[in-house]
Structure formats: C-alpha cells, structure tokens
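Remarks on the structure that follows.
The values are calculated or read from the model by the stated rules, or taken from the named source; none is laboratory data. Note that the coordinates shown come from a computational prediction; the quantities given were computed from them, not determined experimentally. Using ideal geometry, Cβ is built from the backbone for each residue, glycine included, and neighbour counts are taken over all protein chains shown.
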C-alpha cells in the first residue's frame, strides 16, 4: 500500500449529490438529488451526506465554500468528496471521485451551482452525463465539456506548485515556516495530529497540503481531512492519525480523553506538542529546509514542495545502497546497511524511521516494482540522481537498458552471438598461426576482474559491460566477502545494489559465451592445422 491513490479508476467520478442538512445533528441530512440516479452503493449513500456538514450546524452559518473530505475503500484507496456549500451552509453539492483533482472539481462545482441557481436542469444533466461517460483522460489533457466548462487535467505525478495548487498555497500562506517544520517532524514520527480552523476550505487544504509534503511517502494511518460530528470519538484513537476538526467542534474534542496529541490551530498559527520531534531530525537537514522555505516566501512555482522533497532525499535517498540481491531470490532491503554509514544524528533518526509504516510501505512499494521488473521514475528518484545520493552509475545504466525494452538476458545473448561469429571467422583465417596465438588474442578481449573488498568490507562488483576472471578467483573472493559482510543473507552477502547483481549475471553469461567461442576456435584450429 505504497500510494493511497487508486491507479486507473474506471470513471471520472462515482457520484454527485445535493444534500440539505436538518435543524438538528441527530437527524440525517436529506439527499435532494443524485447522479447517476441508479447509483446503488447504500453504504456510500448513507455515509457521504454526513461528511457534507462537518461543523456545528446550530452555531455556524458561514464556514467557507469549498472543502474536501476523504472516504477510504476496502483496498485502502482514497475517494475524495469535493464539496461546495451554498445557502448559508445549509445545502451542499458534492462530487465523489478517485481522482485527486482539487482545482478542477472545485471549478466544476461552481458551474453546477450556477446551473442549479438558474434552474437549468437540462444543462446540468447534459454536463454530468458528458463527463461521467468520458474516459479518464491523461495528465495535461485539455477538456471542454461545454461553453462554460473548460479545463486542463492536472499531472499528479509532478510536484505541486504555488499558486496553482490550492492546498499547498493555502497551507503555506496560513502556517508559518516554524510550525510547518514542527508538523512535518510530527508526521515523520507518526504522531496523533489534530489540525483545526474556523474555515473549512483552509482546514482541509492544510491537511491535504501538509500530507502531500511527505512525498514520496504517504500517510498510512487514520486520515480524515475533516471530521463530522458523529465521528469525534476518532480523536481518542490509540493509533496515529491525521485529522482535521472544524473549530466549532473543538470544545467537544477537548472534553474527551486525549493523550499525546499534537494540535495545530491554523487561525492563531500556534502548534502545541508534547514531543521534541523536530530536534530528533538531523540539524543539517532542518537548517537547509528552513532556509529554503524562507527564500520561497514570495516565490511561485514548485520551490516549497521541492524544499521538502530535498529533505526527504537527504533522509531517505540512500535507500538504494541498502538493496540486496541473491541470484534466484527476490531483492530485499537491508536496514542495517541503510543506517550504518550515516552521521550520528541521522543514524538516530533512521533507527526510528525504519519502523514507521510510511517508510515500510515506501520500501515495500519500491521492492515490488523492482522484483516485478517494472521501470519506474519519479521526481524523488530524479532528485536523488541529481545529487550525491544518485552516483550509482550501474543503476542508471540498468534503468536505461530496461527503458530501451531489452531484458538483461537478451543483452547477454546479443553480446554473445557476435562474439561467436567473430571467433569463427578469426579461427578460419588465422588457424596456421597456431592455437596458442589465437587464444592469446582472445584473452585480450576480456577485461580484468573488478571484484574486490571495499573499505566497509563488502563486495564491489564490476560495472556494466565488463567480463570477469576465472570462476575459481571469483569463488575465493565471494568467500572472503561472506566472512566480512555485516548484512549476510544466508550464504552470499552482497553490498551492491540488485541492479549491479542483475548486470553481473548478464555479464557472466557473456563471459561463458566467450569461453565457448574460445573452445570453438580450438576445435577449428585443430581441424585446419591438423594438431
């Protein structure tokens, strides 16, 4: 469950409803109409209206127009409820979709509200029918549903930008840098976190915006961007959570038994925490992040998101060096190697971080892709590659090879076949020079074996495109490495990334093919010379 966003949803949205609240919280809101009319998921129809009024309806009339709640499906994937309150907070329009397209759906809600206000039901139904039957478009695709509805689909794989990302923009404007850092540290320690505001749009934007800055990781615990009144007991949950609560409900929340809760009041820009989470992060990472954020105070673009991305790279980007591979077995992640060669402050944090669900799920997601042979690249990997953490030459060569569509076995065979043909031609034309001379020339086609023991006592493997020395030498050096390695896996420990070892297997095949070519030369030489 690396990412909580559903891949390839079947429809652009699941349901649109208009809901009216009752005079009392004890009475369920009434669904005025829905689209499509034959929507039959009763669990959704019962729970969704209650999320449309997540405040004290007896005390509040103006709470802001747009906000977004989240429902989690049976596969732990998030469905977003994009809402627009009208008529003094008594009527709500809501679109339920797996697509986290906040700005686009807020714009669509405005168009729907305008049609309803003008009683243009035919136009409203035509618009919904067109969009519902539309296949889910690719990122950055221009969409024109009618004269009043034109938009470009967002690219959710890129970094959010200011001011285009409403969530990030509101969060960055409403919360100062120090509190953003405190909240970031609290999320990295998976605390129980409550965010509150008197404005629903700002509240849910801050919850969504802060969670997005964990990328490439995702909050894995209870995640409720805005909590309806009937679910306030969730604030007493004994496990980590990230919950938004409208300010009108905070008196009730504080009357409950809350233990070790981090609270951020967006209206007053104050954060209360019983922990020293920020001081547990490496000081150099915090200092760099703070300086970068202060430079972004008046800037636009992806600077804010990239500052947090670089912090994530500084903390977790070396995960590549801790990947281990044994031929014939799946790639694994070695926690000991991941932690070992880091500064003392970073090491202390990582000793805790490796046990966090957000990190475990991140590693599991990466391993699943590697073991499935999938090529993956995202802004996190690109940021690693652009810095000191991305100096694994073999990693990039392997990714380049896979992107070309050729498997490692095919690479080996493509190298072996020309070698055989060349060997045959060479033997036929130069057999009279003697077998020894032929073998001597072939030997120069092989490079020196690059096996060795690095300063940490772990195996170093040859780079892509080289051949190895005799099996006997390789076996002896593997035995040496087996004794020295602190992260053994059964019999054969490896320091190199799984990418290096995949390449090594490929190179071994090439080396075998060359030896076979040498044998063919000897046979041909015997036939010609008559030895």
* To do: Mind listing just one residue for me: the one in the stretch 205-223 that is touching a strand residue (DSSP E or B) at 6+ places or on another chain (Cβ under 9 Å) and part of a helix (DSSP H, G or I) and, of those, nearest to residue 107 (Cα to Cα)?
  => 205
* Restricting attention to the stretch 49-67, which residues are out of contact with any helix residue (DSSP H, G or I) (no Cβ under 7 Å at 6 or more places or on another chain), at pLDDT 90 or above and over 15 Å from residue 225 (Cα atoms)? -> 49
* Given the residues 374, 340, which is the only one that is at negative phi and without any contact (Cβ under 8 Å) to a residue 60 or more places away in the chain? -> 374
* What is the one condition in (1) more than 29 Å from residue 221 (Cα to Cα); (2) touching a helix residue (DSSP H, G or I) at 6+ places or on another chain (Cβ under 8 Å) that residue 91 does not satisfy? -> (2)
* To do: Among the residues of the stretch 288-302, write down those that are assigned to a helix (DSSP H, G or I) and farther than 24 Å from residue 351 by Cβ.
  => 291, 292, 293, 294, 295
* **Single match in 63, 16 (criterion: farther than 30 Å from residue 252 by Cβ, touching a residue at least 24 places away in the same chain (Cβ under 8 Å), more than 28 Å from the chain's Cα centre (by Cα) and crowded, with 21+ Cβ neighbours inside 10 Å)** => 16
* Structure fact -> residue 46 vs (1) modelled with pLDDT under 95; (2) assigned to a loop (DSSP other than H, G, I, E, B); (3) at negative phi: all pass except (2)
* Residue check, residue 70 buried (at least 17 other Cβ atoms within 10 Å of the Cβ), assigned to a strand (DSSP E or B) and out of contact with any helix residue (DSSP H, G or I) (no Cβ under 8 Å at 6 or more places or on another chain) -> yes
* Structure fact -> The condition of being more than 23 Å from residue 298 (Cβ to Cβ) and assigned to a strand (DSSP E or B) holds, among 245, 253, 226, only for 245
* To do: Pick out, from the stretch 104-204, the helices (runs of 4 or more DSSP H) lying fully within it that include 3 or more residues that are more than 28 Å from the chain's Cα centre (by Cα).
  => 121-133
* Structure fact -> Residues of the stretch 270-299 being without any contact (Cβ under 8 Å) to a residue 12 or more places away in the chain and under 19 Å from residue 352 (Cα atoms), in sequence order, are 276, 279
* Taking the stretch 257-269 on its own, how many of its residues are closer than 20 Å to residue 198 by Cα, part of a loop (DSSP other than H, G, I, E, B) and in contact (Cβ under 8 Å) with a residue 12 or more places away in the chain? -> 3
* **All positions within the stretch 223-259 that are over 25 Å from residue 59 (Cβ atoms), surrounded by fewer than 17 Cβ atoms within 10 Å (Cβ to Cβ) and in contact with a helix residue (DSSP H, G or I) (Cβ under 9 Å, 6 or more places away or on another chain)** => 259
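Residue-by-condition table, conditions (1) closer than 21 Å to residue 247 by Cα; (2) without any contact (Cβ under 8 Å) to a residue 12 or more places away in the chain; (3) buried (at least 22 other Cβ atoms within 10 Å of the Cβ):
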| residue | (1), (2), (3) |
| --- | --- |
| 131 | no, no, no |
| 134 | no, no, no |
| 141 | no, no, no |
| 144 | no, yes, no |
| 150 | no, yes, no |
| 168 | yes, no, yes |
| 188 | no, no, yes |
| 206 | yes, no, yes |
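Residue-wise test of (1) over 24 Å from residue 208 (Cβ atoms); (2) assigned to a loop (DSSP other than H, G, I, E, B); (3) over 29 Å from the mean Cα position of the chain (by Cα).
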residue: 8; (1), (2), (3): no, yes, no
residue: 11; (1), (2), (3): no, yes, no
residue: 26; (1), (2), (3): yes, yes, yes
residue: 32; (1), (2), (3): yes, no, yes
residue: 38; (1), (2), (3): yes, yes, yes
residue: 54; (1), (2), (3): no, yes, yes
* Which numbered condition residue 305 fails, given (1) surrounded by fewer than 17 Cβ atoms within 10 Å (Cβ to Cβ); (2) touching a residue at least 24 places away in the same chain (Cβ under 8 Å); (3) assigned to a helix (DSSP H, G or I) -> (1)
